[in-house]
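What follows is calculated from the coordinates using simple rules that are stated; it is not laboratory data. Quick caveat: nothing in here was measured; it's all calculated off a predicted structure. Here the Cβ positions follow ideal geometry from the backbone for every residue, glycine too, while neighbour counts run over all protein chains shown.
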Amino acid sequence: MKITAAMTAEKGSPFELHELELADPKPNEVLIRIVASGVCHTDAASRDGEIPVQYPVVLGHEGSGIVEKAGSNVTSVVPGDHVVISFASCGNCEYCLSGKPAYCSSFLMLNFGGVMADGTTPLHHHEHGVKNFFGQSSFATYAIANERSVVKVDKEIDLALLGPLGCGIQTGAGTVFNSLQPKFGESIAIFGAGSVGLSAVMAAKIIGCSRIIAVDIIPSRLELAKELGATHVINGNEADAVAEIRRITNGGANYSIDTTGVTEIGIQTAEAIRVKGTAAFVVKVPAGASSHRYFRQVFCYALGRGFHSTIIYPPTH
Ligand SMILES: [Zn+2]
Ligand SMILES: [Zn+2]
């Protein structure tokens, strides 16, 4: 079928609308009419080549929409269902089979490799194959996704709001709920109040953390953090964040999260925890020297202090 997609022709080129051909869904796939898509930093980084992908490509990996057609083997959704599309996973490796598909052994290939699991792309432009992204390519009017990537949602909820559940929201909330698992009454400091950080704030609020401290340098984000459950906010441009966190928590937070990927903030994230605390680094650091610097400095710091530090790979990418 003909679709309209925001294609990225080559590294660094802008998103441009083109008419593309989208294949029919295969037996395990679903055709979805896209209603909305979040725009994630990973889309921008992939467009600009900071994350190595092949071009031309249709990016977009926070799609939400309505099932138009389901392949013959699909059992979890039917046409008309409202769905959110998340990352792709193989379903066969030890991580998928133990309920942790975000750590799938084939994660890189299936999400950044440009093709579906069978090695083909459902997207074509003038007979030429166009690379797929995250098993969905949601910057388009329609998308094909494997049934495994599709989660049915309540029809009462506005689909336009739900796309980021598939990436940014579950990355931040999943770090708290699944990886850090703070207990009721414990404290947590969250550096960066973007969609990942704010989702971590909401998860900490649901768990009942006693002190939920959000750090950012943009006042409007800090206001939103308060609205979503932060008990304290710190503007990193105006105050010594680590000293403030230690004061508020009487010596350091039980948990901290860096969502920024900035080396200095990563070090502050390690500094902000108390002895036996746990720091999580949910970051995308550009490949190469700056990546090396971030991890070397942050982890040398943490190891040098003898803290129990936990490296957490983002649950989705
Ligand atoms: Zn993302
Ligand atoms: Zn897998």
Only Lys, Arg, Asp and Glu count, each charged at its Cβ (+1, +1, -1, -1), so figure out the dipole size of the chain about its Cα centre, rounded to 20 debye. 1020 debye
Enumerate the calculated ³J(HN,Hα) couplings along region 86-92 in order (Karplus 6.51 cos²θ - 1.76 cosθ + 1.60, θ = phi - 60°), each rounded to whole Hz, writing x wherever the residue is Gly or Pro. 10, 5, 8, 8, 7, x, 10
Can you tell me how region 1-131 classifies by the Cα gyration tensor, rounded, prolate or oblate, using a/c under 1.5 as the rounded cut? oblate
Calculated from DSSP H runs of 4 or more alone, at -39500 (n - 2.57) each and per residue, what is the 222 nm mean residue ellipticity of the chain, nearest 500? -7000 deg cm²/dmol
When N counts the residues of region 193-258, how does its alpha-carbon radius of gyration compare numerically with 2.2 N^0.38 Å, as a ratio? 1.00
Phi-derived 3J(HN,Hα) across region 252-266 with the Karplus relation (6.51, -1.76, 1.60, θ = phi - 60°), rounded Hz, x for Gly and Pro, is x, 6, 5, 9, 9, 9, 9, 10, 9, x, 8, 3, 4, 6, x
In nm, to one decimal, how far is the Q297 label point from the H126 one, both placed 7 Å along Cα→Cβ? 4.6 nm
Express the Stokes-Einstein translational diffusion coefficient of region 168-304 in µm² s⁻¹, to the nearest whole number, given a Kirkwood radius over alpha-carbon pairs, 37 °C and a viscosity of 0.692 mPa s. 229 µm²/s
Among beta bridges assigned by DSSP with both residues in the chain, the antiparallel ones amount in percent, to the nearest 5, to 65 percent
With respect to the cross-link table entries K226/K284; K11/K226; K69/K205, which display a Cα-Cα separation exceeding 27 Å? K11/K226; K69/K205
At what distance in nm do the modelled label points of Y103 and D24 sit from each other, each positioned 7 Å from its Cα along Cα→Cβ? 4.0 nm
Would you list E264, E29, E186 from fewest to most Cβ contacts within 10 Å? E264, E186, E29
Peptides 274-284, 235-245: what's the order by average Cβ count within 10 Å, highest mean first? 274-284, 235-245
Expressed to two decimals, the chain has a Cα Rg over Rh, using the Kirkwood radius, of 1.00
